[in-house]
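The next block holds one structure in the form of structure tokens; read it before the comments.
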Amino acid sequence: MSAAAGRGTTARHAGSLEVRGLTLSIGGSEILRGVDLSVPAGEITGLAGESGSGKTMTGLAVCGLQPAGSRLGGSIEFRQGDEPPVELLSLAPKAMNRLRGRRIAMIFQDPSASLHPMLSIGAQLTDHVRHHLGLSRSAARRHAIELLERVQVPDPASAVQRYPHQFSGGQLQRIAIAGAIACDPVVLIADEPTTALDVTVQAGILRLLRQLCDDLDLAVVLVTHDLGVMSAVADTVAVMRTGEVVEHGTRYQVIREPVTEYARELVASLPHVPPPGAGVVGPDSGEGPAGPTGIPADAPVEVAPHAPEEAS
């Protein structure tokens, strides 16, 4: 496995985000109204809320992908190791392009929409790698195969020659994750990465995200409307409503002891069954049971690396 694909980042190289008072308006309508969020290295920070709460727009703003004509305010500070912090909202477009994909990456909700149907998987995994890392064509291909192996896509040497329509939804999401981590980013935004997948496949994707976060010391923002997913994988949870963070705490605090009425309603709506990927957060979390689901944090995930549902 190559150095870029196989090593974990050290504390000196680890990255983090500090979002303070983030506002975003489009055509006079306020979408984000003073969002505060801390995203430390080596942790999954959950961003939960109903549709329209602003959670996806927050992730897009971090990556500089907000809609054209948006007016942004506040601060998004990116830190990496001992380097001076970078204010993302002040970066010129070319500087943001150099950072996006290289140090900050995003996984989108629908992998079939984010992958080009007419290009092979190998072509799509090597293009930005050659641009950002300066690899030769052959080195980029080897790197792509190693990435597919890391995210547990079967027969990666053959997979790079195939096209998106030849893969299942779960495998496509793994390929999209491979593309996101291809340039060794330190911050990863995952926007509803399991919404379009069935429950068994969801568990495998959540376990993969947890493993990548731990192995690569990634600072991960997991955007989802499903607090059940958060109870399985997140270290901390921020609950959003109408463009604001209304509650922020550890997974245990938000799921077991919600403070706001809105968060209590979200928790009360959870089914009393194991969420997808229950127990992905390991026993070292020290948080005990995961709340209304009744599933201990150290419960094993009974999902094989290549579940039958992911077969193409």
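The figures follow:
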{"quantity": "Rounded to whole Hz, the Karplus (6.51, -1.76, 1.60) HN-Hα couplings of the range 118-130, x for glycine and proline", "calculated": "9, 10, 5, 4, x, 4, 6, 8, 9, 4, 6, 5, 5"}
{"quantity": "Interchain or long-range residues, amide H under 5 Å from ARG241's placed H", "calculated": "VAL246"}
{"quantity": "DSSP-assigned coil residues among GluC sites (Glu not before Pro) in the range 19-110, each with at most 15 further Cβ atoms within 10 Å", "calculated": "GLU50"}
{"quantity": "Interchain or long-range residues, amide H under 5 Å from LEU47's placed H", "calculated": "LEU222, VAL223, THR224, ALA238"}
{"quantity": "³J(HN,Hα), Karplus 6.51/-1.76/1.60, whole Hz, each residue of the range 160-165, x for Gly, Pro", "calculated": "5, 8, 9, 10, x, 5"}
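Bear in mind these aren't lab numbers, they're just calculated from the coordinates by the rules spelled out. The structure displayed is predicted, hence computed values, not measured ones. We place every Cβ from the backbone using ideal geometry, glycine too, and count neighbours over all the protein chains shown.
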